[in-house]
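Right, one structure below, let's go through it.
Every number in this text was worked out from the coordinates using simple rules, so none of it is lab data. Please read these numbers as outputs of a predicted model, since none were measured by experiment. Neighbour counts are summed over all protein chains in view; Cβ atoms, including those assigned to glycine, are modelled from backbone coordinates with ideal geometry.
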Amino acid sequence: MSEVPEDLRYTKTHEWVRTEGTKAVIGITDFAQGELSDIVMVEAPQVGREIKKEEAMGVIEAVKAVSDLYSPISGKVIEVNPKLGTNPETINQDPFGEGWIVKVEMADPKEFEKLMDASGYKEFLAAEGH
Amino acid sequence: MDAKTPFYEKILQAGGRMVPFAGYSMPMQFEGIIPEHTKVRQSVGVFDVSHMGRVEVKGPQALEFLEHLVTNHVSKLQMFQAVYTVMCYPEGGIVDDLLIYRLPEHYLVVVNANNNAKDQAWMREQAEGYDVEIIDRTADIGQLAVQGPRAEDVLSKLTETNLSEIGFYQGIQTELAGVEMFISRTGYTGEDGFELYIPAAHAEAVWDKVFEAGKEEGIAPIGLGARDTLRLEMKYALYGNDIDKTTNPIEAGLSWVVKLDKPRFVGKEALEKVKEKKPSRRLVCLEVKDKGIPRPHDLIMTEGEELGHVTSGTFSPSLQKGIALGYVRRGHTKSGTELKIRTRRGEIPVEVVKPPFYKNASHK
């Protein structure tokens, strides 16, 4: 069973979001990293880029598969995890902590409230048969 | 309901992450593709390959029939020796790639799991008029591949036989781990190693003994994920990806298993023509120059012009970069040629390189 921390919000494309004031920290869930396994490259959006909710903003390459990274919210990218350039496997090791991918200055904090909470995401995973 | 190999319970206990594959429930990975890959390159790993098809061919005309069926020489096999070959359709497309062993009482044919039913139907069709028996042994025999530079060290602890005397693609009938079985120095990784053909009833006991014997070497179970990265680094073709009904062995770089000096075999006339006219495309090795990982079906390009497509692509754990196999139109296949692959991330520069990608493999 993959881990689903209670204090985060989630998307159907398996990203998670945590807020720090008006900033949103974004990563992929434990379930997503487990499915991908062996992440070897992360192409994150550049700092300064304006992104829209549900936009494909990056690419995650694992040994056996490639996956798009969708933005759970709209806003402006203010930071990219510098660790992932040399140690992309950090996402596999600690998807909700050290393996965060980008920080975004939110355009509309209400978008955050509309995302699935932990119990909603758990139900979603169960409904998908995981 | 997916079928289970004789090692299924052992694999579950070892933490295998199971996926449906070729009608079986098989482990995609255990610890992870990269650590498993590295284990096999540096020490030793164990693959359950019982999902592959094992077919016995015997009878007075077994040899004649096999010579008719496949492109390589079968009559040149010494006792307990193996040969890698393909069998083709009359039009030259590939039915499957396979191993044939010469054993005292029969020939043992080992085919791809995905093709097992198709192959056996094809073999029976082609056997018409030959005095042969074709017997499916898939469920009777468990097959383990013990692969890596330390494979011989580990297995030597379990048998009286001097394994160092067994040459590449040679085998022996022996007692190993207390069980009478056939073993051969073969594999699909590029590393030294053996394949064990174990009566299904003894499969679990042998699994336990092999892992016990390999403790010191850090032996580990290996899944389908690493099996694919290991074979791809060696440019070993995978049926369904790199070769199939629509590809012929000449363009796939398998001319070395097509013996046009044989009096006849299915597909010979078609392949003679291909050889004479030179194939219009070839399967080449492509190495990514910077970042990016090619995936199957990605287009191979030069200056906006489409040259072919990727048939296998992955991240190479040994080279730490993307590698791919793909068919490329004649005139662009020389090593050193710079091409582009159109991936999900955009076009990435690649170079045609000589096989294999990984040059330090330990196989004998």
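Tabulated data for the structure shown
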quantity	calculated
Residues satisfying the stated conditions in the stretch A:115-130, i.e. closer than 15 Å to A:Met1 by Cβ and either surrounded by 12 or more Cβ atoms within 10 Å (Cβ to Cβ) or of a type in the set (Asp, Glu) (or both)	A:Ala118, A:Tyr121, A:Lys122, A:Glu123, A:Phe124, A:Leu125, A:Glu128, A:His130
Verdict on A:Gly58 being touching an Asp or Glu at 6+ places or on another chain (Cβ under 8 Å), within 11 Å of another protein chain (Cβ to nearest Cβ) and not basic (Lys, Arg)	yes
Subset of the stretch B:85-97 (residues that are farther than 13 Å from B:His73 by Cα and touching a helix residue (DSSP H, G or I) at 6+ places or on another chain (Cβ under 9 Å))	B:Cys88, B:Tyr89, B:Pro90, B:Glu91, B:Gly92, B:Gly93, B:Val95, B:Asp96, B:Asp97
Residue selected from the stretch B:322-331 under the condition buried (at least 19 other Cβ atoms within 10 Å of the Cβ) and not hydrophobic (A, V, I, L, M, F, W, C), by the criterion farthest from B:Asp290 (Cα to Cα)	B:Tyr327
B:Arg41, sole failed condition from (1) outside any strand (DSSP E or B); (2) touching a residue at least 24 places away in the same chain (Cβ under 8 Å); (3) touching a strand residue (DSSP E or B) at 6+ places or on another chain (Cβ under 7 Å)	(3)
Flag if B:Gly142 is in contact with a helix residue (DSSP H, G or I) (Cβ under 7 Å, 6 or more places away or on another chain), surrounded by 17 or more Cβ atoms within 10 Å (Cβ to Cβ), farther than 13 Å from B:Arg54 by Cβ and small (Gly, Ala, Ser)	no
Restricting the stretch B:297-320 to residues that are within 11 Å of chain A (Cβ to nearest Cβ) and within 22 Å of B:Thr247 (Cα to Cα), the residue that is surrounded by the fewest Cβ atoms within 10 Å (Cβ to Cβ)	B:Asp298
Some residue of the stretch B:120-138 being surrounded by 19 or more Cβ atoms within 10 Å (Cβ to Cβ), in contact with a Pro (Cβ under 7 Å, 6 or more places away or on another chain) and among the small types (Gly, Ala, Ser)	no
Filter result for the condition that a residue is more than 14 Å from chain B (Cβ to nearest Cβ), touching a residue at least 24 places away in the same chain (Cβ under 8 Å) and out of contact with any Asp or Glu (no Cβ under 6 Å at 6 or more places or on another chain), over A:Val104, A:Val42	A:Val104
In the stretch B:111-139, the residues that are charged (D, E, K, R), farther than 23 Å from B:Pro90 by Cβ and within 21 Å of the chain's Cα centre (by Cα)	B:Asp136, B:Arg137
Those strands (runs of 3 or more DSSP E) lying entirely in the stretch A:17-130 with at least 2 residues among the β-branched types (Val, Ile, Thr)	A:23-28, A:39-43, A:56-62, A:75-80, A:102-106
Of residues in the stretch B:332-348 being within 14 Å of another protein chain (Cβ to nearest Cβ) and β-branched (Val, Ile, Thr), the one farthest from A:Met41 (Cα to Cα)	B:Ile341
Of residues in the stretch A:68-81 being in contact with a Ser or Thr (Cβ under 9 Å, 6 or more places away or on another chain) and surrounded by fewer than 21 Cβ atoms within 10 Å (Cβ to Cβ), the one farthest from the other protein chains (Cβ to nearest Cβ)	A:Tyr70
Filtered residue count, the stretch A:28-39, keeping only those that are at positive phi and more than 13 Å from every other protein chain (Cβ to nearest Cβ)	0
One residue from B:Thr174, B:Thr189 being in contact (Cβ under 8 Å) with a residue 40 or more places away in the chain and of a type in the set (Ser, Thr, Tyr)	B:Thr189
Which listed residue, of B:Val70, B:Val74, B:Val95, B:Val57, is within 30 Å of B:Pro149 (Cα to Cα) and either within 14 Å of another protein chain (Cβ to nearest Cβ) or not acidic (Asp, Glu) (or both)	B:Val74
Failed item, numbered, when B:Glu272 is tested on (1) assigned to a helix (DSSP H, G or I); (2) within 14 Å of chain A (Cβ to nearest Cβ); (3) over 22 Å from B:Asp153 (Cβ atoms)	(2)
Matching option when the condition is within 23 Å of B:Ala201 (Cβ to Cβ) and touching a strand residue (DSSP E or B) at 6+ places or on another chain (Cβ under 8 Å), among B:Gly148, B:Gly59, B:Gly53	B:Gly53
Hits in the stretch B:1-25 - residues which are within 14 Å of chain A (Cβ to nearest Cβ) and of a type outside the set (D, E, K, R)	B:Gly15, B:Gly16, B:Met18, B:Val19, B:Pro20, B:Phe21
Qualifying residue in the stretch B:276-290 (condition: farther than 30 Å from B:Lys76 by Cβ and within 14 Å of chain A (Cβ to nearest Cβ))	yes
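Okay, residues lined up against (1) closer than 28 Å to B:Arg137 by Cβ; (2) of a type in the set (Lys, Arg); (3) assigned to a helix (DSSP H, G or I):
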site	(1), (2), (3)
B:Met181	yes, no, no
B:Glu191	yes, no, no
B:Ile198	yes, no, no
B:Lys245	yes, yes, no
B:Pro263	no, no, no
